[in-house]
Amino acid sequence: MKEVSSIVLHYETLEEQCQKLKRLSLTKLAKNLQDASWLAISNPALSLQKSLLVLEDILYEIYQLEMHAEPKIKNVRMLLNNRSFVAQIHPRRIYLLMNLVHKMTSHTSNEIVEAKAAKIVLDYLSDIVEWFMKRYDRSFRSPSMSAHTAEVLSIVDNNILQHEQSTEAYKHAANWFESAAQNGDASAQYNLGALYNHGRGVKKNYALAKMWYERAAAQNDANALYSLGVLFHLGQGVVQDYMEAAHHYQLAADLGNADAQYNLGVLYNQGRGMSQNFHEAAKWYTLAANQGNTSAQNNLGFLYHNGTGVKESYEEAIVYFEMAALAGDASAQYNLGYMYLKGRGISQNLEEAAKWFHMAALQDHVNAEFQLAMLYNTGQGILKDHIEALKWFKLAAHKGHLNAQYCLGLLYEKEQDIVSAEKWLLLAAEKGHISAGFELGRIYVYQLQQPDKALSYFKAAAEKGYADAQYELGLLLTSGAGVVVNYPEAVKWWRAATDQSHIQAEYQLGLLYEQGLGVTMDLEEARRCYRLAAIQGHAGAQYQLGNLFDKGKGVKQDYTEAAKWIEQAVAQGHIKAQYQLAQMHSHGQGVPKDFSKAAQLYRLAANQGHQKAQFQLGMLYKKGHGVAQDYQEATKWLRQSLEDIK
């Protein structure tokens with residue numbers, strides 16, 4: 001098995017980076033990085049604080065370089081809220097790290113967790129420091145570059161539209177590209193097409209975008225070929241045509257364009273514009289993955305996980321999930337967390353699962369938010385925290401995650417906040433969440449006393465084969481509370497539930513057969529139903545079965561068999577069974593005649609309001625049978641029985 005290595009600290013790399021920072025005269029930054037590295041094991045909490053200081057220092061230096069001014073406040077969050085600044089450096093990984101450090105610093109509760117957090121942070125920090133040094137060093141190596149040229153080169157970057165540039169910057173770029181494009185420069189033609197495609201610096205115009213893409217594509221510009229594929233893929237300015245999209249993706253992919261290789265893999269995977277071919281999908285995903293395309297890495301992980309187009313291998317799936325996850329891909333982080341959660345291809349590790357779900361959740365990955373909420377709710381792999389669970393459930397629920405809405409409804413119901421519970425369960429139920437609909441029905445019946453509203457939800461769940469809903473629907477149809485009584489319909493649903501071995505439904509069906517409600521009276525069938533439920537521990541069924549033998553209903557009277565079942569019901573606190581067994585001890589039917597035992601059983605039932613038990617207990621005290629004769633106690637219980645009658 002190929003082991004998935006955990007994140008390790010590259011102390012030598014960090015030490016080299018510290019030396020380079022010193023050579024760049026960034027002594028303070030180097031000192032903080034060195035401290036963060038050295039303290040990761042001995043004092044992880046302090047290491048995390050030092051890592052945060054490194055981030056502050058890097059952002060402060062980059063801000064001065066890019067914005068040509070000093071920030072008013074040296075604070076990570078404040079700096080990253082400056083949209084103009086963020087657009088210049090596109091610090092997605094820095095933003096992720098900032099959140100991770102902040103979260104780990106705020107919520108870590110033991111040295112083991114803090115040590116892991118410190119290692120993760122340092123691993124990311126190493127990449128960021130490397131990026132920063134190249135950016136910093138490059139800025140000072142090109143002092144003669146004009147501001148205009150620097151601006152243009154910044155926008156010419158292949159990821160031009162991933163950065164939020166100013167409107168003026170885009171206009172300047174458009175003018176520059178126009179001039180170069182007219183002179184036949186393929187890169188300028190492509191970039192001009194991109195600006196028209198997205199309406200940056202020029203009015204959005206798919207026709208002009210396509211024209212410039214085609215001119216660049218005629219010169220074998222891979223980016224232009226890829227972009228033409230996207231137009232046909234999405235139907236932007238052209239009739240949607242997957243075959244044409246695939247044609248252009250193929251040309252770009254053959255030229256080594258990773259995005260085209262990935263998209264071509266997607267078309268093969270989905271069978272759009274070509275016959276579905278998982279082997280081809282895997283081939284193109286692999287080529288793109290090897291170039292660092294995280295979406296391809298993630299999708300390739302899926303193929304290995306499912307054994308689609310490649311030999312099934314959870315171990316290989318983890319390799320690709322981890323590859324993309326470490327690069328910051330939220331979907332891959334979620335998938336890696338899920339593998340740890342389920343123990344697929346690797347030993348189950350709920351702490352690792354929580355860590356990766358957390359990182360994906362910080363990027364608004366809705367499934368990760370839900371899974372993280374579940375872990376907080378149960379305290380698995382992370383300290384149990386009701387408030388955190390509620391927070392993440394809400395975030396996922398507001399994005400339409402049905403299971404999150406359902407769980408949120410259950411949490412509110414548990415807290416007796418029925419209004420909020422109804423709101424979230426209703427949202428999930430209206431989108432077809434069966435369990436939410438069932439729970440909503442129970443709230444209408446047992447909490448809000450609106451059984452008529454429950455009928456449609458119980459029926460929808462019952463029709464989907466939900467046994468508990470079939471049972472509750474039967475109860476509703478026989479209760480007469482807000483719903484027309486319909487015994488035949490109740491029989492139908494209880495039979496459906498008994499097909500799934502639903503004990504309570506088996507018992508209720510026995511009652512209908514015994515009384516002839518909705519079916520022809522059939523005491524033998526009633527006895528069969530009671531027995532099936534009784535042997536599985538249903539107290540009511542045990543009592544009813546014993547009662548049939550006691551009364552000789554549909555079977556030869558047998559007090560011994562009756563006593564056997566009634567005693568089992570008594571052991572579960574069944575009130576009627578307590579009274580019935582007391583009667584049997586009073587008369588010596590199936591059990592030894594024993595007034596003392598009878599008195600004990602009468603008292604158990606009497607204390608729970610059983611009128612006949614109260615009367616019989618009073619008579620025992622009056623006669624002194626099984627208890628010391630006591631007229632005062634006798635009077636008390638006899639009066640109590642009369643009050644209960646009233």
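Below are the figures for this structure:
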item: Check: segment 325-415 dipole with +1 on Lys, Arg Cβ and -1 on Asp, Glu Cβ, in debye; result: 140
item: Residue-normalised accessible area of segment 18-79, expressed per residue, 1.4 Å probe, Å²; result: 51
item: Point-to-point label distance, Lys431-Lys399, nm (Cα→Cβ direction, 7 Å offset); result: 1.2
item: Å² per residue, accessible surface of segment 383-483 at 1.4 Å; result: 47
item: Listed residue pairs exceeding 19 Å between alpha carbons, taken from Lys342/Lys431; Lys556/Lys612; Lys551/Lys576; Lys355/Lys399; Lys171/Lys204; result: Lys342/Lys431; Lys556/Lys612; Lys355/Lys399
item: Val366 - accessible surface, heavy atoms, 1.4 Å probe, Å² rounded to 10; result: 40
item: Residues Val484 and Ile535, FRET efficiency given R0 of 25 Å [Cβ-Cβ distance, rounded to 0.05]; result: 0.10
item: Lys, Arg +1 and Asp, Glu -1 on Cβ, resulting dipole of segment 526-646 about Cα centre, debye, nearest 20; result: 300
item: Gained length - Gln447 relative to Ser179, 0.36 nm times residue gap less alpha-carbon distance; result: 89.2 nm
item: Three-way shape label, segment 230-327, alpha-carbon gyration tensor, a/c 1.5; result: prolate
item: Theoretical ellipticity at 222 nm over the chain - DSSP helices of four or more residues, -39500 (n - 2.57) apiece, nearest 500; result: -23500 deg cm²/dmol
item: Shape call, segment 448-601: gyration tensor on alpha carbons, a/c limit 1.5; result: prolate
item: Label-point separation in nm, Ala571 to Arg528, each point 7 Å along Cα→Cβ; result: 2.7
item: Label assignment, volume of the Cα convex hull per residue in Å³ derived from the structure, set (1) 179; (2) 408; (3) 251; result: (3)
item: Leu383-His625 FRET efficiency (beta carbon distance; Förster radius 60 Å; 0.05 resolution); result: 0.50
item: Anchor Lys28: lysines whose Cα lies under 27 Å away (excluding residues fewer than 8 positions away in-chain); result: Lys20, Lys50, Lys72, Lys74, Lys103, Lys116, Lys119, Lys134
item: Rough spin-label spacing in nm, given labels placed 7 Å along Cα→Cβ, for Glu15 and Ala218; result: 5.9
item: 37 °C / 0.692 mPa s Stokes-Einstein diffusion coefficient of segment 332-383, Kirkwood radius on C-alpha pairs, µm²/s; result: 320
item: Gain upon complete extension [Leu642, Gln416; 0.36 nm per residue less C-alpha separation]; result: 77.6 nm
item: Charge dipole magnitude, Cβ of K and R +1, D and E -1 - the chain, Cα centre, debye nearest 20; result: 1500
item: Computed over segment 329-466, Cα set: Rg, Dmax in Å; result: 16.3, 50
item: Selection from Gln557, Cys529, His585, by position along the positive dipole direction of segment 500-604 (Cβ); result: His585
item: Alpha-carbon spread of segment 470-514, three principal axes, descending order, Å; result: 28, 20, 14
item: Sites Leu255 and Met67, calculated FRET efficiency, Cβ-Cβ separation with R0 35 Å, nearest 0.05; result: 0.40
item: Percent carbon-and-sulfur accessible area, the chain, ignoring ligands, DNA and RNA, probe 1.4 Å; result: 49
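The values are calculated or read from the model by the stated rules, or taken from the named source; none is laboratory data. Since the model is a prediction, treat every value here as computed from it, not as a measurement. Virtual Cβ from ideal backbone geometry, glycine too; neighbours counted across all protein chains shown. All accessible areas refer to the heavy atoms of the entire protein, side chains included, with ligands and DNA or RNA removed. Shrake-Rupley method; radii C 1.70, N 1.55, O 1.52, S 1.80 Å.
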